[in-house]
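Structure first, then comments.
Laboratory data are not the source of any read-out in this text; all were calculated from the coordinates shown. These numbers were taken from a predicted model, which means no experiment stands behind them. Quick reminder, even Gly has a Cβ in these numbers, built from the backbone with ideal geometry, and neighbours come from all protein chains shown.
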Amino acid sequence: DSGVTQTPKHLITATGQRVTLRCSPRSGDLSVYWYQQSLDQGLQFLIQYYNGEERAKGNILERFSAQQFPDLHSELNLSSLELGDSALYFCASSVTPQSLGGYTFGSGTRLTVV
Amino acid sequence: LAKTTQPISMDSYEGQEVNITCSHNNIATNDYITWYQQFPSQGPRFIIQGYKTKVTNEVASLFIPADRKSSTLSLPRVSLSDTAVYYCLLLSGGYQKVTFGTGTKLQVIP
């Protein structure tokens with residue numbers, strides 16, 4: 001157990017729907033990162049939050065949004081889902097907002113869009 | 001963001017030492033070389049990080065030449081459970097958009 005909790009572990013939904021993925025960072029970590037990993041692909045950086053504020057943004061689609069709440073948990077909202085959105089979505093956390101020192105990853109949410 | 005290049009895949013027999021090389025010709029002064037391991041359907045796990053020369057921990061060693069344009073992750077006496085994807089990254093302080101790339105898929109053969 002890495003200490004980073006992601007729910008749900010699996011999600012199956014239809015095209016056009018909206019889903020919310022949840023992440024609780026490791027205790028004491030203030031920074032949260034979201035990644036997308038499609039089949040046999042590397043991890044694509046989506047977005048980073050630090051202590052409730054957005055700090056870095058990757059190639060996140062406009063249909064996707066995220067936020068970090070005062071209790072530091074984060075949610076990734078995916079709307080108007082398409083088949084191509086099927087992927088593993090990982091959350092990671094770190095103590096500092098800087099990436100140096102490495103991240104701790106959760107076990108991911110596997111999203112299947114049918 | 002400086003890019004890294006590593007082999008797509010490698011095979012090794014159990015018990016052998018495995019060396020995975022990563023090229024990073026445009027490494028910046030404040031970049032640290034960082035390696036992650038990822039098993040199927042799991043999140044990546046931090047293995048080792050270094051700036052120059054050699055770093056060793058209980059899992060692996062990292063060799064970095066003086067020019068820092070490449071690095072080698074060394075896994076001693078691999079077992080079947082070391083079958084995974086290994087990612088080489090350059091990390092520095094600051095808000096980076098760190099994308100992991102496709103990594104090196106290591107297959108350990110009995």
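Below, the figures for the structure above:
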item	result
Bridge type composition, chain A - antiparallel percent by DSSP, nearest 5	90 percent
The stretch B:1-47, relative contact order in percent, only Cα pairs under 8 angstrom and at least six apart counted	32 percent
Normalised contact order of chain B, rounded percent, pairs of Cα under 8 Å and 6 or more residues apart	36 percent
Residue exposure sequence - B:ILE109, A:ILE60 - by fewest surrounding Cβ within 10 Å	B:ILE109, A:ILE60
Share, in percent, of DSSP beta bridges within chain B that are antiparallel, nearest 5	85 percent
Label-point separation in nm, A:ASN77 to B:ALA28, each point 7 Å along Cα→Cβ	3.3 nm
Charge context of B:ASN26, other residues only, Cβ under 14 angstrom, K/R +1, D/E -1	+1
Global form of the stretch B:25-110, assessed from the alpha-carbon gyration tensor, a/c cut-off 1.5	oblate
Three-way shape call for the stretch B:61-110 based on the alpha-carbon gyration tensor, with the a/c threshold at 1.5	oblate
Per-residue HN-Hα couplings for the stretch A:20-25 [Karplus 6.51, -1.76, 1.60; θ = phi - 60°; Hz; x = Gly/Pro]	10, 9, 10, 9, 10, x
